[in-house]
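Encoded as structure tokens, the structure appears first; notes follow it.
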Amino acid sequence: TKTHRVMTLADHISHIITQDFARNQ
Amino acid sequence: SCPVAPASRSSQEVWESFSQCFTPAVKEVVEFAKSIPGFQSLSQHDQVMLLKSGTFQVLMVRFCSLFDPKERTVTFLNGQTYSLASLRALGMGSLLDAMFEFSEKLGSLCLEPDEMALFMAVVLVSADRSGIVEVAAVEKLQENLIKALRSLITSRRPEDSTLFSKLLLRLPDLRTLNNHHSDKLLAFRID
């Protein structure tokens, strides 16, 4: 069976931003 | 570009492909923010907080050009055009209605690309301050960007004295869009 992750648009945006800044540290 | 699927796929799959669209778009806003003069001299914490509270609003401004308020259609960068009705099936009806209304108002100002970019910079640094530590630094940056926007707009169209204030009136619209819709759900399949 396929699993799905559901998150709000705001959480998705926050996740990408946190990842970007963590990567560029 | 957004490969919203042909009718053959389930709305779940359509929604997953639609959700995927946001990832590159968000990354572009992060790169855009870093190019704003003065943004990277803010503390890293404050840069992250502004992006977290302002990115959705910047995306709404960027997506405006995809919306055709007269035809009630959305054309993605890959050229695929969808009517409002067909996109309603994705359950984003209320956000789409708000987007059509917003893009009509912003579109009527006929901004040049550089004016739109400066407006987006103002949108980002005008975002919610609740998580900001060095508020004065953000306020100073906002003030400088608003001054730059005002001088660009008034130098280009000195005869239209109301244009700049009409543009600033879009900021509360964006905040309302953000408060009403940034909690929309996205779905991602994990294989």
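Listing for the model above:
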{"item": "Residue count for the range B:78-89, restricted to those that are surrounded by 14 or more Cβ atoms within 10 Å (Cβ to Cβ) and either over 20 Å from B:E13 (Cβ atoms) or in contact with a Lys or Arg (Cβ under 6 Å, 6 or more places away or on another chain) (or both)", "result": "1"}
{"item": "Candidate set from the range B:60-77 (those that are surrounded by fewer than 17 Cβ atoms within 10 Å (Cβ to Cβ) and aliphatic (A, V, I, L, M)); member that is farthest from B:V123 (Cα to Cα)", "result": "B:L77"}
{"item": "Some residue of the range B:90-103 being loosely packed, with under 14 Cβ neighbours inside 10 Å, of a type outside the set (A, V, I, L, M), in a helix (DSSP H, G or I) and touching a residue at least 60 places away in the same chain (Cβ under 8 Å)", "result": "yes"}
{"item": "Candidate set from the range B:18-31 (those that are within 16 Å of B:D46 (Cα to Cα) and within 13 Å of the chain's Cα centre (by Cα)); member that is nearest to the other protein chains (Cβ to nearest Cβ)", "result": "B:V30"}
{"item": "Restricting the range B:61-81 to residues that are within 22 Å of B:S182 (Cβ to Cβ) and not in a loop (DSSP other than H, G, I, E, B), the residue that is modelled with the highest pLDDT", "result": "B:V61"}
{"item": "Residue satisfying all of: in the range A:4-25; among the hydrophobic types (A, V, I, L, M, F, W, C) and in contact with a strand residue (DSSP E or B) (Cβ under 7 Å, 6 or more places away or on another chain); nearest to B:V30 (Cα to Cα) among these", "result": "A:L9"}
{"item": "Pair list, Cβ under 9 Å, 6 or more apart: the range B:176-191 residue under 20 Å from B:S126 (Cβ atoms), other residue at pLDDT below 80", "result": "B:H181/B:M92"}
{"item": "Count of residues meeting criterion [surrounded by 14 or more Cβ atoms within 10 Å (Cβ to Cβ), closer than 16 Å to B:C64 by Cα and β-branched (V, I, T)] in the range B:143-179", "result": "0"}
{"item": "Unmet requirement for B:D183, which otherwise passes all of (1) out of contact with any strand residue (DSSP E or B) (no Cβ under 6 Å at 6 or more places or on another chain); (2) within 11 Å of another protein chain (Cβ to nearest Cβ)", "result": "(1)"}
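The values are calculated or read from the model by the stated rules, or taken from the named source; none is laboratory data. For clarity, every value in this text was computed on a predicted model and none was experimentally measured. Note that we place each Cβ from the backbone using ideal geometry, even for glycine, and neighbour counts take in every protein chain shown.
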